[in-house]
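Asker: The structure is given below, and queries will be raised subsequently.
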Amino acid sequence: MDLRARILAQQRSEHTEHLIYRRLAALSRDERNRKVLETVAQDEYRHYEVWRSITGQEVAPRRWLLGWYVLLARVFGLSFALKLMEGGEDRAQTFYREVASEFPQVAAIGEDEKRHEKALVDRLNDERLAYAGAVVLGLNDALVELTGTLAGLTLAFANSRLIAVTGLIMGIAASLSMASSGYLSAQEGNDEDTDPLKSALYTGVAYLLTVVVLVAPYFLLDSVFVALGVMLASSVLIIAGYTFYIAVAKEVAFLPRFAKMAAISVGVAAISFGIGWLLKTVIGVDV
C-alpha cells in the first residue's frame with residue numbers, strides 16, 4: 001500500500017471514530033460521559049480535517065464499524081468498546097512518526113492520540129467495569145464448582161438427565177447463595193461507587209448463566225462422556241471470553257489470567273472425576 005493510500009485509510013479511520021464517539025455521546029445518559037465523548041469526538045474530527053488538508057479529498061466513514069462499536073458499547077460497556085477500538089494505537093503511532101517527517105502537522109495528532117484521548121477515555125463512568133469484580137466472583141465460583149460437580153457426577157451417576165437435573169438444582173441454589181454473599185460483601189466493603197443490590201445481581205446472574213451453559217450438554221446429549229467433553233470445552237470458552245473482556249477493558253495481559261483460570265477449572269474437574277471413579281468402583285455407587 002502506497003503512502004497516499006495509507007493516509008486515506010487513516011483519514012477514513014478518524015472520520016469513523018469521530019462518528020462513533022458522537023453517536024455514543026448522544027446515547028449516553030451520564031452527563032460526565034457525554035462531555036468526555038463529545039470532547040474526544042471533536043478531537044477526532046479535527047484530526048480528520050488535518051488529513052483532509054493533506055489529501056485534498058473527502059472520504060466516507062465505515063458505517064458498519066459505527067454500528068458494530070455502538071452495539072459493543074451497549075452490550076459490554078464503553079470501556080471495552082472504546083479500548084478495543086483504540087487497540088491499534090501502537091501501529092498508528094509508528095505511522096504518525098513516518099508521515100510527520102513529510103507533513104509536520106501530523107505530529108500534533110500523534111501527541112493527542114497518545115496522551116489526551118487516552119486520559120479522557122480513562123475518565124469514563126462504566127457500570128459494567130465497576131461491577132466486573134462481582135461478575136468475576138460469580139463466574140469463577142460457578143466454573144470451579146460446577147465443572148467439578150458435573151465431572152464427579154458423570155462417573156458416579158452415568159445418566160445424563162439425572163446429572164443435568166442434579167447439577168441444575170445445585171447450581172440454582174448456589175447462585176442464590178452467591179448473590180446473598182455478594183450483597184453482604186459489597187455492603188461491608190463501604191465502596192460508594194457500587195450498590196450492594198446491583199453487586200448481588202451481577203454475581204448471581206453471572207453464576208446462574210454459567211450454570212445453564214455448563215448443564216445444557218447433559219440435557220441435550222445422551223452420552224455422558226460426550227456431554228462432559230462439551231461442558232469442559234464450554235467452560236474454557238467462557239473463561240477465554242471473559243478474560244479477553246477484562247484484558248481489553250482493564251488493559252492487562254490476557255494469557256496469564258486465562259491460563260490460571262483454565263488450569264483451576266479443569267484441574268478441579270479432573271480431581272472430581274477421580275472422586276466419581278472412586279465412588280463408582282471402590283465404594284460401589286452406581287446409579
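Asker: Kindly establish whether ALA174 is surrounded by 17 or more Cβ atoms within 10 Å (Cβ to Cβ), in contact with an Asp or Glu (Cβ under 8 Å, 6 or more places away or on another chain) and small (Gly, Ala, Ser).
Answerer: yes
Asker: Of the residues that sit in region 235-258 and are surrounded by 13 or more Cβ atoms within 10 Å (Cβ to Cβ) and of a type in the set (Gly, Ala, Ser), which one is farthest from the chain's Cα centre (by Cα)?
Answerer: Top of the filtered list is SER235.
Asker: Residues to consider are LEU124, LEU78; find the one that is within 28 Å of ALA26 (Cα to Cα), modelled with pLDDT of 80 or more, touching a Leu at 6+ places or on another chain (Cβ under 8 Å) and of a type outside the set (Val, Ile, Thr).
Answerer: LEU78
Asker: Shifting gears a bit: Looking at this structure, is GLN105 of a type outside the set (Val, Ile, Thr), over 30 Å from PHE225 (Cα atoms) and modelled with pLDDT under 75? Give the steps one after another, and end with the answer.
Answerer: Working: of a type outside the set (Val, Ile, Thr): yes; over 30 Å from PHE225 (Cα atoms): yes; modelled with pLDDT under 75: no.
Considered against the rule, which asks whether it is of a type outside the set (Val, Ile, Thr), over 30 Å from PHE225 (Cα atoms) and modelled with pLDDT under 75, GLN105 comes out as no.
Asker: Now, a different point. Being surrounded by fewer than 18 Cβ atoms within 10 Å (Cβ to Cβ), of a type outside the set (Lys, Arg) and within 19 Å of TYR245 (Cα to Cα) is the requirement here; does LEU27 meet it?
Answerer: no
The values are calculated or read from the model by the stated rules, or taken from the named source; none is laboratory data. Since the structure is predicted, the reported quantities are computational estimates derived from the model, not experimental observations. Positions of Cβ are generated from backbone atoms using ideal geometry, with glycine treated the same way; all protein chains shown enter the neighbour counts.
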